[in-house]
Amino acid sequence: MSLSVILIYPLQTAKLLINFIILLLMPIINLTCEPNINAVMLENEELKLLQKSYQLIEDQCVIIKDDNLISHITNSILQLVSKAQYSVYTIQMLLQTNKDHPTSYIAFAILDAGYPVKSNLTQSHIRVYHLLINGFAHLSTDFGKTIIRPATKLDKMVSRFWNSSIKFEGADLFNKRYYLESTEKEKVKSLFNIEFLKSISKMNNISICIEHNKMVISFLTPLKPGHSVMLANILNNCHFISNGENAR
């Protein structure tokens, strides 16, 4: 960089130098200043959202404080749900839904996305966190690999010629809103009860991933207080949750 350019554009040159130094130091900052995620202070609005979400279902749930169980549920969720590379998923509060379902849970979690790359291809200097809620359950039956997601326009177009999504009698709204595919179609058709399907179809932004006897329920939109109620409703209406015999 020539001296004439520095003299003519001193402010711009200073900004470039600062950004360059920050980018050089970023790996060092990531290694030496890694925060304890469980101690992260959420924004005030997020704290209120978490509190409101819990209050809506606290009368039907039990708070789980067993660290081994929390670790087990965390690992199980991460086995089924993909996340961005280098991001960290940490459960902040784990709830058992009710006594009748000792292996179904609702997890309030933080996803630490680190320092994401912005649209101009520069790395953000602000650490990004997302507050999430997931439902998790051990199931009484091995459903292979089963996916439930909102139906796309392409799904609806293809279904006119080739019906790849599993359909259910008496669950018209579910059939309209969601796409369901499974490696164990006959088990799904015979064991997915109508109450479970109808509780899912009350919203159109739910994603469910089942792998063998584990199920994770996620929302495709930011957390809202009503999501905890919907998760509790879905889990309570699921008639194929394990009674604890094959919970690990």
Extreme residue, nearest to the chain's Cα centre (by Cα), among residues of the range 54-86 that are at pLDDT 90 or above and among the small types (Gly, Ala, Ser) | Ser76
Reported set for the range 120-150 where residues are at pLDDT below 70 and either surrounded by 13 or more Cβ atoms within 10 Å (Cβ to Cβ) or hydroxyl-bearing (Ser, Thr, Tyr) (or both) is Thr122, Gln123, Ser124, Arg127
Counting only residues that are touching a strand residue (DSSP E or B) at 6+ places or on another chain (Cβ under 7 Å) and part of a helix (DSSP H, G or I), the range 226-246 contains a total of 7
Helices (runs of 4 or more DSSP H) (entirely within the range 134-201) containing at least 3 residues that are charged (D, E, K, R) and farther than 14 Å from Cys238 by Cβ | 153-158, 172-177, 185-191
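Restricting attention to the range 214-246, and to residues there that are small (Gly, Ala, Ser) and surrounded by fewer than 18 Cβ atoms within 10 Å (Cβ to Cβ), which single residue is farthest from Lys145 (Cα to Cα)? Walk me through it before giving the result.
Within the range 214-246, the subset small (Gly, Ala, Ser) is 218, 226, 228, 232, 242, 244.
Going one step further and asking which of them are surrounded by fewer than 18 Cβ atoms within 10 Å (Cβ to Cβ), we end up with 226, 244.
On the way: Gly226: 28, Gly244: 21 Å.
For the range 214-246, the residue satisfying everything is Gly226.
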Would you mind stating whether Lys153 is out of contact with any Phe, Trp or Tyr (no Cβ under 8 Å at 6 or more places or on another chain), at pLDDT below 95 and either among the basic types (Lys, Arg) or not assigned by TED's automatic domain parsing to the domain that holds Asn75 (or both)?
-> yes
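Can you go through Glu181, Glu169, Glu211, Glu186 and tell me which one is under 16 Å from the mean Cα position of the chain (by Cα) and either of a type in the set (D, E, K, R) or surrounded by 19 or more Cβ atoms within 10 Å (Cβ to Cβ) (or both)? It would help to see each step written out before you state the result.
Working: Glu181 fails: under 16 Å from the mean Cα position of the chain (by Cα); Glu169 fails: under 16 Å from the mean Cα position of the chain (by Cα); Glu186 fails: under 16 Å from the mean Cα position of the chain (by Cα).
The conditions single out Glu211.
The values are calculated or read from the model by the stated rules, or taken from the named source; none is laboratory data. Everything quoted here is computed from the prediction, not taken from an experiment. Methodologically, a virtual Cβ is constructed for each residue, glycine included, from the backbone with ideal geometry; neighbour enumeration extends over all protein chains shown.
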